[in-house]
Amino acid sequence: MAEVDMEKRSAAIDEMLLKKRQKNPLPKPETLDDLVQGLKIIFQDDEINVEEVNEYMSQYDSNPREWYKYAKFDHHRYTRNLVDQGNGKFNLIVLCWGEGQGSGIHSHADSHCFMKVLDGKLEETMYAWPSDSEEEHELQKMETNAYQRNGVTYINDSMGLHRVENTSHTETAVSLHLYSPPFDMVECFDQRTGHRKKVRVTFYSKFGKRTPFPDQGATGQSDVTRTGCTSDTAVENLEPENN
């Protein structure tokens, strides 16, 4: 009963915020900077209206000249490139995916995750959370969706886990991700067993400039990886946990 009441309260807050913004709508973001500034206004509210953020990010028409300076690729794995820290409310990040590169299956540290494809095509596969009652079991695949340039999607931990991949072997891809609240640790999952491990996520570059190595994360400790949960095994394994 309490869960139902919380859902009703959340829906009521979303409706209130949407009506508030409808009375004073933000102009369409014509540039990436417009998008950043508009998102800062939206995230001034304590509650996040997912539909509003999705719609606002959808309105921005990707322009490579505006995000090119953040698009830094690595031959070995995808990269995370910080664009803006959103007044402490969110991180806005450009992710660059080389041919055939992808993330591992991961969660989102109880944060909101919005993704917009800026260039190329990305495939998202969603998985159910592993059962706590079984020590080892293959993760259950729920659905797979493909997103083209300017496509926007959303996920949080209540919806499940996911993996994002650039399945093309001839074209790169670039995406814009918003995480609120920001985080520097996620859980990555083994598809075959459901086992999980904690991984620190860091930035390949910040505000268009390459970060030095080793990077000092939010914890002040050196990081082995500049990406996070990759589809290979070259990630920092912290506090392994089995289900």
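Observations, loosely collected:
- Whichever residue in the stretch 203-225 is assigned to a loop (DSSP other than H, G, I, E, B), farther than 18 Å from residue 77 by Cα and modelled with pLDDT under 85 and, among such residues, is least open to solvent (accessible area, probe 1.4 Å): 217
- For the stretch 178-202, the tally of residues that are open to solvent by 30 Å² or more (accessible area, probe 1.4 Å) and either in a loop (DSSP other than H, G, I, E, B) or among the aromatic types (Phe, Trp, Tyr) (or both) stands at 8.
- Top-ranked residue of the stretch 69-95 - restricted to ones that are of a type in the set (D, E, K, R) and either touching a Phe, Trp or Tyr at 6+ places or on another chain (Cβ under 7 Å) or not in a loop (DSSP other than H, G, I, E, B) (or both), ranked as least open to solvent (accessible area, probe 1.4 Å): 80
- Unmet requirement for residue 66, which otherwise passes all of (1) open to solvent by 60 Å² or more (accessible area, probe 1.4 Å); (2) out of contact with any Lys or Arg (no Cβ under 9 Å at 6 or more places or on another chain); (3) touching a residue at least 24 places away in the same chain (Cβ under 8 Å): (1)
Yes/no matrix, rows are residues, columns are (1) open to solvent by less than 10 Å² (accessible area, probe 1.4 Å); (2) within 22 Å of residue 96 (Cα to Cα); (3) basic (Lys, Arg):
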residue	(1), (2), (3)
127	yes, no, no
138	no, no, no
151	no, yes, no
176	yes, yes, no
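- Test: residue in the stretch 17-31 that is among the charged types (D, E, K, R), surrounded by 12 or more Cβ atoms within 10 Å (Cβ to Cβ) and modelled with pLDDT of 80 or more: yes
- So residue 99, is it surrounded by 13 or more Cβ atoms within 10 Å (Cβ to Cβ) and in contact with a His (Cβ under 8 Å, 6 or more places away or on another chain): yes
- Matching residues in the stretch 74-116 - criterion: being under 26 Å from residue 191 (Cα atoms), over 14 Å from the mean Cα position of the chain (by Cα) and in contact (Cβ under 8 Å) with a residue 24 or more places away in the chain: 74, 76, 77, 98, 99, 100, 101
- Selection within the stretch 96-117 - of a type in the set (Ser, Thr, Tyr) and part of a strand (DSSP E or B): 103
The values are calculated or read from the model by the stated rules, or taken from the named source; none is laboratory data. In this text, all values refer to a predicted model and were calculated from it rather than measured experimentally. Cβ atoms come from the backbone with ideal geometry, glycine included; neighbour counts cover every protein chain shown. When the accessible area is computed, the model is the full protein with side chains, heavy atoms only, and any ligands, DNA or RNA have been set aside. Shrake-Rupley method; radii C 1.70, N 1.55, O 1.52, S 1.80 Å.
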